[in-house]
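To start, the structure under review is shown below, and the notes come after it.
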Amino acid sequence: MSDYLTRTNHLLARIDALATISEDATGATVTRRFGTPAFVRGRALVQGWFEAAGLTTRLDGIGNLRGRLASRRPGAKTFVLASHIDTVVNAGKYDGPLGVLMGLNLVESIIQQGIELPFDLELMAFSDEEGVRFHTTYLGSKVVTGAFEPTLLQKTDADGITLAQALAGMGGDAAALATDALPAAEWLGYFELHIEQGPVLWESGVPVALVTAIAGQQRVELTWQGMAGHAGTVPMPMRQDALAAAAEFVLAAEAFALAHGRGLVATVGQLRIPYSASNVIPGQAIHSLDLRSPDAGQLAAAYADLRTQAEAIAARRGLGLDWQLVQYTAPVACDPELNRLLGRAIAASGYEVEGLVSGAGHDAVPASAVAPATMAFIRCYKGISHNPLENVEAADVAAALAVAERFLLELKDKYA
Ligand code: HGY
Ligand code: MN
Ligand code: MN
């Protein structure tokens, strides 16, 4: 068995161990949202592995786990290897943790081989990439890149707990967030390994690919305000049914994205009806809208068009509409020079060099604002993600590990 396959089996065993830690006490599903006790337990397990590898670790104010391997070169800059350890609800095991534990395996190998790097390596396990709890993503990487906006501390979760309160509850430190940033001048680059979360590599049979760009996102919350009423007595033409209006908009968003081909995607993933009952006409409906495109112009046009359509639906049905932009992240291009080196590592490992655009957001987005950043995608089962069926083949992970190790050695030579 190749050394990489042996190493892969070891890190996949760690993935399985981490996956047993969940907010779901039955263990039937994997959920570790930012700041929850399950998240803290999972992070502690990973921190133990960081320390066993010989990394100097710390937990920063936003709850990121950070492990540093210092170079002997005076004044060395820092190259960051990272991904996230928070999850969505009822998640797969690999989205996030695979990148962190592959990064750890690379660092372990560098230490064991006694390889001297001309730069510091900082391995980061970000605390909140998904944004599931506070509906705004990249909280961990925004702190590290100096992009965290203090107003975010007042954001509340579904239980009315503010981010500031959540930090206090998990041992975080809101006062430290500004100083937890890695100064822009110290960054050498950023590299993230992540499952593709899409079907391209699965269909092509290629185990690993470089990422050329990451799609932009618009996350919106819509609140439809109608009139609750008796399901048996209010004639249909007199209703102001908030859920019917929301449903009409959901289908309009789907139709709009379908009409615009692969570039644009639109998703309504969350919807709630306050005070819902089977015999009550919904008076209010609140739902998300997640719009993505690699093209900033297409994203802006879709956002404007769908907002106009929503307002027209509300007017025609006699409802109020509150349209709140929760978060906007622009599309980003990955660094051409890092991709040149990563492409060389892929080719040298015997694989065709494929470049993919990521429809999923990643912590490489905030990182790209302060440093050259790129990613490598690992083939995953049918491209399924954000789903317990998420899976990888050990051979594909081993292939990506070999490529990533070659990439780090390419960087070593470049900065020697
Ligand atoms: O939503 C995303 O794109 C990522 O999984 N956070
Ligand atoms: Mn992810
Ligand atoms: Mn995800």
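The values are calculated or read from the model by the stated rules, or taken from the named source; none is laboratory data. This one's a predicted model, so the numbers in the text were calculated from it and none came from an experiment. Here the Cβ is made from the backbone with ideal geometry for all residues, glycine too, and neighbour counts use every protein chain on show. All accessible areas refer to the heavy atoms of the entire protein, side chains included, with ligands and DNA or RNA removed. Shrake-Rupley method; radii C 1.70, N 1.55, O 1.52, S 1.80 Å.
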### Message
For region 201-218, give me each residue that is open to solvent by 50 Å² or more (accessible area, probe 1.4 Å) and touching a strand residue (DSSP E or B) at 6+ places or on another chain (Cβ under 6 Å).
### Response
Thr212
### Message
Between Ile115, Ile195, which is in contact (Cβ under 8 Å) with a residue 12 or more places away in the chain and under 21 Å from the mean Cα position of the chain (by Cα)?
### Response
Ile195
### Query
Taking the condition modelled with pLDDT under 95 and out of contact with any His (no Cβ under 6 Å at 6 or more places or on another chain), does His230 pass?
no
### Query
All but one of (1) among the hydrophobic types (A, V, I, L, M, F, W, C); (2) modelled with pLDDT of 95 or more; (3) touching a His at 6+ places or on another chain (Cβ under 7 Å) hold for Val326; which doesn't?
(2)
#### Entry: Filtered residues of region 164-173 (kept if in contact (Cβ under 8 Å) with a residue 40 or more places away in the chain, small (Gly, Ala, Ser) and either open to solvent by 40 Å² or more (accessible area, probe 1.4 Å) or more than 27 Å from Arg33 (Cβ to Cβ) (or both))
Gly169, Gly171
### Query
Only one of (1) over 23 Å from the mean Cα position of the chain (by Cα); (2) at pLDDT below 95 fails for Arg219. Which number is that?
(1)
### Message
Just the residues that are within 15 Å of ligand 1 (Cβ to nearest atom) and crowded, with 21+ Cβ neighbours inside 10 Å, please, taken from region 379-394.
### Response
Cys380, Ser385, Glu390
### Message
Here is a check on your reading of the model: is Glu192 assigned to a strand (DSSP E or B) and either within 16 Å of ligand 1 (Cβ to nearest atom) or buried (at least 23 other Cβ atoms within 10 Å of the Cβ) (or both)?
### Response
yes
### Message
Consider region 130-163. How many of its residues are open to solvent by 10 Å² or more (accessible area, probe 1.4 Å) and either of a type outside the set (Val, Ile, Thr) or assigned to a helix (DSSP H, G or I) (or both)?
### Response
18
### Message
Scan region 270-278 and tell me whether some residue there is part of a strand (DSSP E or B) and within 19 Å of the chain's Cα centre (by Cα).
### Response
no
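In this structure, is Glu116 of a type in the set (Asp, Glu), part of a loop (DSSP other than H, G, I, E, B), within 13 Å of ligand 2 (Cβ to nearest atom) and in contact with a Lys or Arg (Cβ under 8 Å, 6 or more places away or on another chain)?
no
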### Candidates Asp335, Asp290 - the one that is out of contact with any helix residue (DSSP H, G or I) (no Cβ under 7 Å at 6 or more places or on another chain), open to solvent by less than 60 Å² (accessible area, probe 1.4 Å), within 16 Å of ligand 1 (Cβ to nearest atom) and charged (D, E, K, R)
Asp290
### Query
Does Arg317 satisfy the condition of being closer than 24 Å to Ser293 by Cα and basic (Lys, Arg)?
no
### Message
Just to check your reading of the model, which residue among Ala246, Ala257 is under 15 Å from Asp322 (Cα atoms), in the same structural domain as Ala314 (by TED's automatic domain parsing) and in a helix (DSSP H, G or I)?
### Response
Ala246
### Message
Test of understanding: among Thr26, Thr87, Thr57, which residue is in a strand (DSSP E or B) and hydroxyl-bearing (Ser, Thr, Tyr)?
### Response
Thr57
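What number of residues within region 347-359 satisfy the criterion of being surrounded by 13 or more Cβ atoms within 10 Å (Cβ to Cβ), over 20 Å from Ile214 (Cα atoms) and in contact (Cβ under 8 Å) with a residue 40 or more places away in the chain? Spell out the reasoning first.
So in region 347-359, the residues surrounded by 13 or more Cβ atoms within 10 Å (Cβ to Cβ) come out as 347-349, 351, 353-359.
Filter once more, keeping what is over 20 Å from Ile214 (Cα atoms): 347-349, 351.
Add one more test, that the residue is in contact (Cβ under 8 Å) with a residue 40 or more places away in the chain, and what stays is 348-349, 351.
Here the count works out to 3.
Quick check on this structure: which one of Arg292, Arg344, Arg307 is basic (Lys, Arg) and closer than 13 Å to Ile214 by Cα?
Details: Arg344 fails: closer than 13 Å to Ile214 by Cα; Arg307 fails: closer than 13 Å to Ile214 by Cα.
Criteria check complete, one pass: Arg292.
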### Query
Within region 126-179, how many residues are aromatic (Phe, Trp, Tyr) and within 16 Å of ligand 2 (Cβ to nearest atom)?
2
### Query
Taking interchain pairs and intrachain pairs at least six residues apart, which have beta carbon atoms under 6 angstrom, with the first residue in region 43-70 and assigned by TED's automatic domain parsing to the domain that holds Arg33 and the second among the polar types (S, T, N, Q) and part of a loop (DSSP other than H, G, I, E, B)?
Ile62/Ser127; Gly63/Ser127; Asn64/Ser127
### Summary
Matching residues in region 219-237 (touching a Leu at 6+ places or on another chain (Cβ under 9 Å) and either surrounded by fewer than 20 Cβ atoms within 10 Å (Cβ to Cβ) or assigned to a helix (DSSP H, G or I) (or both)) number 4
### Task
Provide a single number: the residues in region 72-94 that are under 26 Å from the mean Cα position of the chain (by Cα) and either open to solvent by 10 Å² or more (accessible area, probe 1.4 Å) or aliphatic (A, V, I, L, M) (or both).
11
